[in-house]
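Written below as structure tokens is the structure these notes are about.
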Amino acid sequence: MTRAFNFCAGPAALPEEVLQQARDEMLDWQGRGLSVMEMSHRSEAFVGIAKQAEQDLRDLLGIGDDYAVLFMQGGASTQFASVPMNLAGPGDAVDYVNTGVWSRKAIAEGSRFADVAEVASSEADGYTHVPDPETWQLRSNARYVHVTPNETIGGLAYRSFPDTGDIPLVADWSSSILSEPVDVSRFGLIYAGAQKNIGPAGLTLVIVRRDLIGQAREGTPAMLDYAVYDKAESMYNTPPTYAWYLAGLVFQWIKRQGGLEGMAEKNARKAGKLYDFIDRSDFYANPVQPEFRSRMNVPFTLADDARNSDFLAGADERGLLNLKGHRSVGGMRASIYNAMPEAGVDALVEYMAEFEKEKG
Ligand SMILES: *Cc1c(COP(=O)(O)O)cnc(C)c1O
């Protein structure tokens, strides 16, 4: 068996060790004679798996007891609606920073539920920087400020966050959660779809400060209400049990890699190699200002777009998969989340150099 290097933006590569453990436990989980997929979510065995996953996540991120960790469904896209429904009333002011495609989607959906203001934007320069927090036009009556720490499509990332005082900072962390240490206490709410850096699709993590729970507007569906999830320990209905179990295996794997410090070090090295190569080359380019470049998603273009399909075909042949850029920006994109080994980045750089030499 050969495993390809999968650069997909999501669902993304999972650590091979995790897949092997899942395979080994597939038919008979710890001598119980059944798969985790077949367990009642109320069983002692599954509740143990679920609690362990939550504890490991809390350890990794240093999440305090004043925060709830909710294992929800519907992806980050559902949170685009859940956040305003839970944290703001109809017509309440909510502030958003626009740094790319995912910010815009959050803004569009949020606008259906509250009075959204775009308080800063880097659209004018093609989303190649994060607007300086000093320039954000925050409203004092805003119920929260929404940011997208890592723009998966544009490959743009925040390096730091402002202190927004009493206004809770809300972050869509879908594509860079667990890639480096973060001070959770700076945020009111963090959410993330699982399929980039956490586990398989189907699970959505919400980390929310407890004082923000229980204020959902009238008419909020139970399945979107943080208070309902908190009270039921994320088992108000049948949760995506297998995805939850796999996320737990990923959390344990990250612990074995040296936790988030260990991940951050590896991720910086991987991204550094790729960007250094791109910057040294006259054939490949990345438009993002260096200090705001994502360490998870590296978009790049070829000097000649007519070579794109050639490049992708050659990559595919070598087992370098899913390098095609998002349809909205074109070019290429290498997503190099936690599970992408450094050898994958080395193989990509080697291929890029060869391609440039032959066809550039
Ligand atoms: C992938 C992604 C989303 C959408 O996630 P779904 O789980 O598919 O809804 C939202 N925001 C960011 C930053 C993403 O990377």
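Taking only segment 253-283 into account, find how many residues are among the acidic types (D, E) and in contact with a Pro (Cβ under 7 Å, 6 or more places away or on another chain).
Initial filter on segment 253-283 (among the acidic types (D, E)): 261, 265, 276, 279, 282.
Checking which are in contact with a Pro (Cβ under 7 Å, 6 or more places away or on another chain) leaves us with 261.
Here the count works out to 1.
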- For M223, all conditions in the list (1) assigned by TED's automatic domain parsing to the domain that holds H146; (2) touching a helix residue (DSSP H, G or I) at 6+ places or on another chain (Cβ under 8 Å); (3) not in a loop (DSSP other than H, G, I, E, B) hold save one; what is the number of the exception? (2)
- Query: Is it true that F46 is more than 13 Å from W244 (Cβ to Cβ), at pLDDT 95 or above and either away from the ligand (no atom under 16 Å from the Cβ) or not assigned by TED's automatic domain parsing to the domain that holds P341 (or both)?
  - Reply: no
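I need the full set of residues from segment 229-241 which are crowded, with 19+ Cβ neighbours inside 10 Å and either assigned to a helix (DSSP H, G or I) or at negative phi (or both), in order please. Don't jump to the end; show me each part of the working.
So in segment 229-241, the residues crowded, with 19+ Cβ neighbours inside 10 Å come out as 229, 234, 239-241.
Y229, P239, P240, T241 - these are the residues of segment 229-241 that are crowded, with 19+ Cβ neighbours inside 10 Å and either assigned to a helix (DSSP H, G or I) or at negative phi (or both).
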- Can you give me the number of residues within segment 149-160 that are within 20 Å of F80 (Cα to Cα) and surrounded by fewer than 22 Cβ atoms within 10 Å (Cβ to Cβ)? 2
- Please name all residue pairs, on different chains or six or more residues apart, with Cβ atoms under 7 Å, provided the first residue is in segment 256-268 and is surrounded by fewer than 16 Cβ atoms within 10 Å (Cβ to Cβ) and the second residue is outside any helix (DSSP H, G or I). E261/P181; A268/R295
- Filter segment 64-90 for residues that are within 16 Å of I198 (Cα to Cα) and more than 16 Å from the ligand (Cβ to nearest atom) and give the result. V69
- When segment 153-176 is checked residue by residue, the ones that are free of Cβ contacts under 8 Å to residues at least 40 places away in the same chain and part of a loop (DSSP other than H, G, I, E, B) are S160, F161, P162, D163, T164, G165, D166, W173
- Among the residues of segment 181-208, the number that are crowded, with 24+ Cβ neighbours inside 10 Å, in a loop (DSSP other than H, G, I, E, B), near the ligand (Cβ under 9 Å from one of its atoms) and of a type in the set (G, A, S) is 1
- Scan segment 269-317 for residues that are of a type in the set (G, A, S), without any contact (Cβ under 8 Å) to a residue 40 or more places away in the chain and crowded, with 16+ Cβ neighbours inside 10 Å and jot them down. A315
- Message: Anything in segment 24-54 that is within 20 Å of K255 (Cβ to Cβ) and loosely packed, with under 14 Cβ neighbours inside 10 Å? List them, or say none.
- Response: D24, Q30, G48, K51
- Query: Which residue pairs have Cβ atoms under 8 Å apart, sit 6 or more places apart or on different chains, and have a first residue in segment 1-16 that is in contact (Cβ under 8 Å) with a residue 40 or more places away in the chain and a second that is surrounded by 15 or more Cβ atoms within 10 Å (Cβ to Cβ) and among the β-branched types (V, I, T)?
  - Reply: F7/I336; A9/T152; A9/I153; G10/T152; L14/V250; P15/V250
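Tell me which residues, restricted to segment 134-161, are aliphatic (A, V, I, L, M) and more than 10 Å from the ligand (Cβ to nearest atom). If you could, list the steps in order and put the result at the bottom.
Start the filter on segment 134-161 by keeping residues that are aliphatic (A, V, I, L, M), which leaves 138, 142, 145, 147, 153, 156-157.
Of everything in segment 134-161, those that are aliphatic (A, V, I, L, M) and more than 10 Å from the ligand (Cβ to nearest atom) turn out to be L138, A142, V145, V147, L156, A157.
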- Task: List every residue pair whose Cβ atoms lie under 6 Å apart, where the two residues are 6 or more positions apart in sequence or sit on different chains, the first residue falls within segment 84-108 and is within 20 Å of D225 (Cβ to Cβ), and the second residue, located anywhere, is among the aromatic types (F, W, Y) and within 12 Å of the ligand (Cβ to nearest atom).
- Result: A106/F80
- Item | helices (runs of 4 or more DSSP H) lying entirely in segment 1-111 (those with 1 or more residues that are polar (S, T, N, Q), under 21 Å from the mean Cα position of the chain (by Cα) and under 29 Å from T152 (Cβ atoms)) | 44-61, 75-87, 101-110
- Would you mention how many residues in segment 91-102 are touching a His at 6+ places or on another chain (Cβ under 6 Å) and within 12 Å of the ligand (Cβ to nearest atom)? 0
- Task: Identify all residues within segment 145-176 that are modelled with pLDDT of 95 or more and at positive phi; write none if there are none.
- Result: G155
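On the basis of being among the aliphatic types (A, V, I, L, M), within 16 Å of the ligand (Cβ to nearest atom), under 25 Å from A268 (Cα atoms) and in contact with a Ser or Thr (Cβ under 9 Å, 6 or more places away or on another chain), does L178 make the cut?
Values: among the aliphatic types (A, V, I, L, M): yes; within 16 Å of the ligand (Cβ to nearest atom): yes; under 25 Å from A268 (Cα atoms): yes; in contact with a Ser or Thr (Cβ under 9 Å, 6 or more places away or on another chain): no.
It is false that L178 is among the aliphatic types (A, V, I, L, M), within 16 Å of the ligand (Cβ to nearest atom), under 25 Å from A268 (Cα atoms) and in contact with a Ser or Thr (Cβ under 9 Å, 6 or more places away or on another chain).
Please tell me if G126 is away from the ligand (no atom under 16 Å from the Cβ) and either surrounded by fewer than 22 Cβ atoms within 10 Å (Cβ to Cβ) or polar (S, T, N, Q) (or both). Break it down stepwise before answering.
Values: away from the ligand (no atom under 16 Å from the Cβ): yes; either surrounded by fewer than 22 Cβ atoms within 10 Å (Cβ to Cβ) or polar (S, T, N, Q) (or both): yes.
It is true that G126 is away from the ligand (no atom under 16 Å from the Cβ) and either surrounded by fewer than 22 Cβ atoms within 10 Å (Cβ to Cβ) or polar (S, T, N, Q) (or both).
The values are calculated or read from the model by the stated rules, or taken from the named source; none is laboratory data. The shown structure was predicted, so the numbers you read here are calculated from the model rather than taken from an experiment. For neighbour counting, all protein chains shown are included, and Cβ atoms are generated from backbone atoms with ideal geometry for every residue, glycine included.
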